[in-house]
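The values are calculated or read from the model by the stated rules, or taken from the named source; none is laboratory data. Note that the structure is predicted; figures quoted are calculated from it, not measured. Don't worry about glycine lacking a Cβ; one is built from the backbone with ideal geometry, like all the others, and counts go over all protein chains shown. Keep in mind that these areas ignore ligands, DNA and RNA; they rest on the heavy atoms of the full protein, side chains included. Shrake-Rupley method; radii C 1.70, N 1.55, O 1.52, S 1.80 Å.
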Amino acid sequence: APEPAGAPPGPVGANPLPLRRGGYGRVRPTPAAPADRKPRPADLPPPPATAEFAATVSAVPAAVLARSTWRRGCPVPVDQLRYLTVSFWGFDGRHHTGELIANSRIATRLVGVFEQLHNARFPIEEMRVVTAAELTAAPTGDGNNTQAFVCRQANGRSHWSAHAYGLAVDLNPFCNPYLLGDLVVPELASAYADRRWVRPGMVSRGDVAVRAFARIGWSWGGNWRGPRDLMHFTATGL
């Protein structure tokens, strides 16, 4: 069950939560500041020179691969992954550049999705490649990193997640949490379970994000029965 509210969190990722069954952190009420997320421009790359959308697609550089979650035994070989950089609008109203690793089969189409989000000025707080250390770090419940490839199993399952194939994107996870019973992930994002209070970065049925991913044949976890994975867009349904 949710615990009483504690002190407001410090820097993102700084305060590990006590664990509950399944390795998740204990769910706590959202502190006042994260209930209406504010920009963290210091965590974003410098803005590009112009506000035009720009993107690159390339083989995954060795340095990027080394800091990613890819390892021998992942279900997709490196040569079937691509490194993407894409422009996006931050919560600070400024133009930024983010990075993703994605499956080569859908890399170009995924760029098109982010171009549509950019053109609609859909705000994204952070977009960077997930590191191996993050997979084993204690949960802090406050992250909001938009991500694609992560070599991990599906939540609570024994099979690979679509992320492990580079065939899924989690969009603003704090603003669009995973909900199952009394579980909320990220664990401090309970305020965002109330979808009637519309705030920047939230995904809603039929909005620009849902439509853009649907155009490339991807489904939205917000339409699932049982768990609602509001952050999750997938090419595989997983």
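Here are the numbers:
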{"read-out": "All positions within the range 27-62 that are under 25 Å from Ala189 (Cα atoms), outside any helix (DSSP H, G or I) and at pLDDT below 80", "value": "Arg37, Lys38, Pro39, Arg40, Leu44, Pro45"}
{"read-out": "Residues of the range 143-160 that turn out to be surrounded by 17 or more Cβ atoms within 10 Å (Cβ to Cβ), out of contact with any Gly (no Cβ under 8 Å at 6 or more places or on another chain) and among the aliphatic types (A, V, I, L, M), as a count", "value": "1"}
{"read-out": "Residue under evaluation Arg128, criteria (1) within 18 Å of Thr50 (Cα to Cα); (2) without any contact (Cβ under 8 Å) to a residue 40 or more places away in the chain, criterion not met", "value": "(1)"}
{"read-out": "Boolean, Gly226 is in contact (Cβ under 8 Å) with a residue 40 or more places away in the chain, surrounded by fewer than 21 Cβ atoms within 10 Å (Cβ to Cβ) and on the phi > 0 side of the Ramachandran plot", "value": "yes"}
{"read-out": "Residue count, the range 122-150 (criterion: touching a Lys or Arg at 6+ places or on another chain (Cβ under 8 Å), over 11 Å from Ala102 (Cα atoms) and not aliphatic (A, V, I, L, M))", "value": "6"}
{"read-out": "Residue tally, condition open to solvent by 30 Å² or more (accessible area, probe 1.4 Å), more than 24 Å from Pro123 (Cβ to Cβ) and touching a residue at least 60 places away in the same chain (Cβ under 8 Å), over the range 166-193", "value": "1"}
{"read-out": "Residue check for Gly22: of a type outside the set (D, E, K, R), modelled with pLDDT under 85, within 20 Å of the chain's Cα centre (by Cα) and on the phi > 0 side of the Ramachandran plot", "value": "no"}
{"read-out": "Number of the condition not met by His163 [criteria: (1) on the phi < 0 side of the Ramachandran plot; (2) open to solvent by 20 Å² or more (accessible area, probe 1.4 Å); (3) over 10 Å from the mean Cα position of the chain (by Cα)]", "value": "(2)"}
{"read-out": "Residue among Ser68, Ser58 that alone is touching a residue at least 12 places away in the same chain (Cβ under 8 Å), in contact with a Phe, Trp or Tyr (Cβ under 6 Å, 6 or more places away or on another chain), open to solvent by less than 50 Å² (accessible area, probe 1.4 Å) and of a type in the set (S, T, N, Q)", "value": "Ser58"}
{"read-out": "Number of positions in the range 98-142 that are of a type in the set (Gly, Ala, Ser) and crowded, with 20+ Cβ neighbours inside 10 Å", "value": "4"}
